[in-house]
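These notes concern the structure reproduced below.
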Amino acid sequence: MGIIAIMKLLTDMNKGVQYMLIASFTFAIMGAFAKLASEEMSSLEVVFFRNIAGVLIISYAIYKKPLIQKGGKPFLLFFRGFIGFVALLAFFYNIAHISLGDAMTYSKTSPIFTAIFAFFFLKEKLSFSGWIAIFIGFIGIVFITQPSSLGFSKYDLLGIFSGIGAALAYTSVRELRSYYDTRAIVLSFMLTGTLGPIVLFVITPYFNAVELDFLLGEFVLPKGIMWVYLIAMGVFATISQLLMTKAYGETKAGIVGAVSYTNILFSIVVGVMLDDALPSLATSFGIILIVLAGIMVAKAK
């Protein structure tokens, strides 16, 4: 009876909300497979496999329908790909080492940082309520990180960076859309995320920096069940991306953006199924503040 009620509720929902709910769930599943794959391979290799399929798909799409664009911003295009790649490395490293819910929460701080970067770099206006939302978001980050007298932990710093890096990438995309085909922008990210790991695989044997281990890793040929994890990760990531795109095409961005925060809840549930601990009271309060801040930023804009 409960399942029937849930199915009816989903059917009656706005299409955009439906798409984003399912996208949020599939993205959490993607994170779960990434976490499983990380048990036997480095985060660097997981990112490599995450992107190589996308390069092949986007390249084929460009072959079938050539790019139509004026270009003119090669350095910004490279920056989008590079910063997105490094942020993704930090995100997947955290998925491997902390709870899935916490890793996803850090990544969902990106709208807060995007609002700040858009204000300074793109001269977009931000209302008083928008600044209040940003302040609330930072308070939420403090509750999640709970810094000690020694400061933030390595995972906290990488988590915050994953949000900042994603925000910088999103901000650059707003500018790049006027100059490049969307496929070229996506390809810049996925191509960097494929070639970057290859370079880092080569130089890894010459470095022994524990602090930078999220950037390093040896290539290990996947075997058996690992191929299943990697393929499933790619499939669910693609499904999630497609559904997110459809969601923003069906409903107002503010509504869809608010619904996207259900990804944190799904990630906590899926993470617990993978033996993650439930969030503490302080962490839960921090998550609530970050979700509230994200929704307020979306409404303010």
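Listed values for the stretch 177-188 are Karplus-derived 3J(HN,Hα) couplings in whole Hz (6.51 cos²θ - 1.76 cosθ + 1.60, θ = phi - 60°), namely 4, 7, 10, 10, 4, 4, 5, 5, 5, 5, 5, 4, and x replaces Gly and Pro. Residue-wise HN-Hα couplings along the stretch 131-147, as the Karplus relation 6.51 cos²θ - 1.76 cosθ + 1.60 with θ = phi - 60° gives them from phi, are 5, 4, 4, 4, 4, 4, x, 5, 4, x, 4, 4, 5, 6, 6, 6, x Hz; Gly and Pro carry x. For the stretch 258-301, backbone nitrogen atoms closer than 20 Å to the point 7 Å from Lys123 Cα along Cα-to-C-beta are found at 301. 3J(HN,Hα) along the stretch 259-266: 5, 4, 6, 5, 4, 5, 4, 4 Hz, from the Karplus curve 6.51 cos²θ - 1.76 cosθ + 1.60 with θ = phi - 60°, whole Hz, x for Gly and Pro.
Taking square-rooted eigenvalues a ≥ b ≥ c of the alpha carbon gyration tensor, is the stretch 126-226 rounded, prolate or oblate, where a/c under 1.5 means rounded and, failing that, a/b exceeding b/c means prolate? Cα axes put the stretch 126-226 in the oblate bin.
Kirkwood radius and radius of gyration were both taken over the C-alpha atoms of the chain, and their ratio Rg/Rh is 0.95. Maximal additional length on extending the Phe152-Ala209 stretch stands at 18.6 nm, based on 0.36 nm per residue less the C-alpha distance. Simple spin-label estimate for Ile132 and Leu278 gives 3.2 nm between the two label positions (7 Å along the Cα-to-Cβ direction from each Cα). The Cβ shell under 11 Å around Leu67 holds other residues with a net charge of +2, Lys and Arg each +1, Asp and Glu each -1. For the chain, a crude dipole built from +1 on the beta carbon of Lys and Arg and -1 on the beta carbon of Asp and Glu, taken about the Cα centre, is about 1340 debye to the nearest 20.
Bear in mind that the values in this text are calculations on the coordinates, not laboratory data. These figures come from a predicted structure and were not determined experimentally. Cβ coordinates were reconstructed from backbone atoms using ideal geometry, including for glycine residues, and neighbour counts include every protein chain displayed.
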